[in-house]
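Report on one structure; see the data block that follows.
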Amino acid sequence: MGIQSVITRTVTVAGGRFAPGHLGELTQVVPFEMVDEALAQTRTVQSRVRDLPSRVVVYLLLAACLFPELGYPGVWRKLTAGLAGLPVAAPTPSALLQARRRVGAGPLRFLFDLLRGPAAVTGGGTWWRGLLVCAIDGTILTVPDGPANLTRFTKGGGSHGGTGYPQVRLLALVACGTRTLIDAVFGPASKGETSYAPDLLRSLRQGMIVLADRNFAAGKLIAAIARTEADVLVRVKNGRKLPALCRYRDGSYLSVLGSTRVRVIEAQITIASSAGRRAGIYRLATTLTDHRAYPAADLIMLYHQRWEIETAYLELKSTILGGRVLRARTPAGIDQEIYALLVTYQILRTAMADATASMPGTDPDRASFTIAWQTARDQLIQAAGIIAGTVIDLTGTIGRHVLAGLLPARRLRVSPRIVKRAISKYQARGPDIDRTSYKATLSIDILVTPKTLTASTSP
């Protein structure tokens, strides 16, 4: 992103001058012209001059994602905290609610469609042998328990009484190297991940490799991905019967998954640390059938990148939301809030990717999402860039803080995978769980397919 600020314009609010530009980075990646276009395309521009113009409401919704601990009146106070001495509107909670309903989810969805996509970065794990490394997976968000939300969203079941809150299933396609969002879809959790996945196929193309877990190893879905000309590397259940049509010297073998020809790799992965050793069998299937160009051992190592999407969800649900339930009490409000959350996340991730790209050789993994998020919060409160007629370097602010606080180079560590927020206190594990992260070493042994399953051997 460029250095010069585009936030010198102001909009009139209640007779005073109020600049949403003090959202800092938000107005750099989402300039006023983009918001105005989103409002025009979705026909949500206000029909008369209001204390809360539609453009201001959009920025309010984005700012709310930086302060999930506050209600919208509290977010408005943060938004105007640096405007002491200037006449600004003081909307009531009811006025803020009506303004959000007037704008709806359409403009936020429009903005997400404009901003989504992989960051233009070449370092780190962004590319692998000329292919853009992506991952697809889903997660669950919780929404307020009320009559309106229950008309669309359902609670999870269970012998302990269920989840307590209605749930939304979010499915995303993420660029692993930068964790930027290529696409996303969401809806009731009663619908499974593989049912939502076809809605993401629009964003797949030749030159991409999609990493996925066992839940996505469905024959029809793999065939649909293959038709987009994107490649796939998916884990397959160990007990699933896959015919061995031809065995290759790297230990992999040619097979068929549904109607799609794939190459299967079976390996035992052993992780050793001071806490002990642990081994497991991994079985992967890929549409990359050329064993010379894409060796089995390299594909096994590549699959580890799938965990980047888990980290992206950690940033969304833990760093931004803090494990909280969403605010909106209606399905339309939930749509609006989730799209605002996705837009805000993409803005921060784009700023981080641009920052690391400005320092050649810096892996995007080393950029701290927490630093980027906290910097954006600080910029908003300080009302940086409000004075019209000045040029202020706001776009670089997050970048400078990120580069000043780069994380150490990624190293191999292991940590117990446990439930951090139990559904029921009676199901929660005790305080004796080992939460320590250990330095570890990794060994991979490719398992050769039994000859009884092998039709032929290829060099």
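If Arg152 satisfies all but one of (1) more than 29 Å from Ser190 (Cα to Cα); (2) open to solvent by 40 Å² or more (accessible area, probe 1.4 Å); (3) in a loop (DSSP other than H, G, I, E, B), what's the number of the condition it fails?
Answer for Arg152: the failing condition is (1).
I'd like to check something: does segment 52-59 contain any residue that is over 23 Å from Phe110 (Cα atoms) and either surrounded by fewer than 18 Cβ atoms within 10 Å (Cβ to Cβ) or touching a helix residue (DSSP H, G or I) at 6+ places or on another chain (Cβ under 8 Å) (or both)? Lay out the reasoning, then the answer.
Here is the first cut: in segment 52-59, the ones over 23 Å from Phe110 (Cα atoms) are none.
Scanning segment 52-59 turns up no residue that is over 23 Å from Phe110 (Cα atoms) and either surrounded by fewer than 18 Cβ atoms within 10 Å (Cβ to Cβ) or touching a helix residue (DSSP H, G or I) at 6+ places or on another chain (Cβ under 8 Å) (or both).
For the list (1) in contact (Cβ under 8 Å) with a residue 60 or more places away in the chain; (2) surrounded by fewer than 22 Cβ atoms within 10 Å (Cβ to Cβ); (3) assigned to a loop (DSSP other than H, G, I, E, B); (4) of a type outside the set (Phe, Trp, Tyr), I need the number of the one condition that Thr289 fails.
Failing condition for Thr289: (1).
Listed residues Arg43, Arg50; which is modelled with pLDDT under 90 and assigned to a loop (DSSP other than H, G, I, E, B)?
Arg50
Which residues, counting only those in segment 63-77, are under 28 Å from Ala40 (Cβ atoms) and in a helix (DSSP H, G or I)?
Answer for segment 63-77, where residues must be under 28 Å from Ala40 (Cβ atoms) and in a helix (DSSP H, G or I): Ala63, Ala64, Tyr72, Val75, Trp76.
Return yes or no: is Ala99 within 24 Å of Ile347 (Cα to Cα), surrounded by 15 or more Cβ atoms within 10 Å (Cβ to Cβ) and at pLDDT 95 or above?
On the way: within 24 Å of Ile347 (Cα to Cα): yes; surrounded by 15 or more Cβ atoms within 10 Å (Cβ to Cβ): yes; at pLDDT 95 or above: no.
So Ala99 does not fit the description; no.
Please specify each residue of segment 345-376 satisfying the condition of being polar (S, T, N, Q), within 21 Å of Leu114 (Cα to Cα) and open to solvent by 10 Å² or more (accessible area, probe 1.4 Å).
Thr350
In this structure, does Ala226 turn out to be among the hydrophobic types (A, V, I, L, M, F, W, C), over 24 Å from Gln336 (Cα atoms) and either surrounded by fewer than 16 Cβ atoms within 10 Å (Cβ to Cβ) or more than 20 Å from the chain's Cα centre (by Cα) (or both)?
The answer is yes for Ala226.
Checking the condition assigned to a helix (DSSP H, G or I) and among the hydrophobic types (A, V, I, L, M, F, W, C), which residue from Leu326, Leu341 passes?
Leu341 is the lone residue from the list that is assigned to a helix (DSSP H, G or I) and among the hydrophobic types (A, V, I, L, M, F, W, C).
Does segment 243-277 hold any residues that are open to solvent by less than 40 Å² (accessible area, probe 1.4 Å), touching a helix residue (DSSP H, G or I) at 6+ places or on another chain (Cβ under 9 Å) and free of Cβ contacts under 8 Å to residues at least 60 places away in the same chain, and which are they?
Answer for segment 243-277, where residues must be open to solvent by less than 40 Å² (accessible area, probe 1.4 Å), touching a helix residue (DSSP H, G or I) at 6+ places or on another chain (Cβ under 9 Å) and free of Cβ contacts under 8 Å to residues at least 60 places away in the same chain: Leu257, Thr260, Val262, Arg263.
Would you call Gly123 within 20 Å of the chain's Cα centre (by Cα), at pLDDT below 95, surrounded by 18 or more Cβ atoms within 10 Å (Cβ to Cβ) and not hydroxyl-bearing (Ser, Thr, Tyr)?
Numbers: within 20 Å of the chain's Cα centre (by Cα): yes; at pLDDT below 95: yes; surrounded by 18 or more Cβ atoms within 10 Å (Cβ to Cβ): yes; not hydroxyl-bearing (Ser, Thr, Tyr): yes.
Judged against the criteria, Gly123 is a match.
Using the structure shown, decide if Tyr294 is part of a strand (DSSP E or B) and surrounded by 13 or more Cβ atoms within 10 Å (Cβ to Cβ).
no
Of all residues in segment 327-340, which are of a type in the set (A, V, I, L, M, F, W, C) and open to solvent by 10 Å² or more (accessible area, probe 1.4 Å)?
Scanning segment 327-340 gives Ala328, Ala332.
The values are calculated or read from the model by the stated rules, or taken from the named source; none is laboratory data. On a predicted model such as this, the values are computed, not experimentally measured, just so you know. For neighbour counting, all protein chains shown are included, and Cβ atoms are generated from backbone atoms with ideal geometry for every residue, glycine included. Heavy atoms of the whole protein, side chains included, go into the accessibility calculation; ligands, DNA and RNA do not. Shrake-Rupley method; radii C 1.70, N 1.55, O 1.52, S 1.80 Å.
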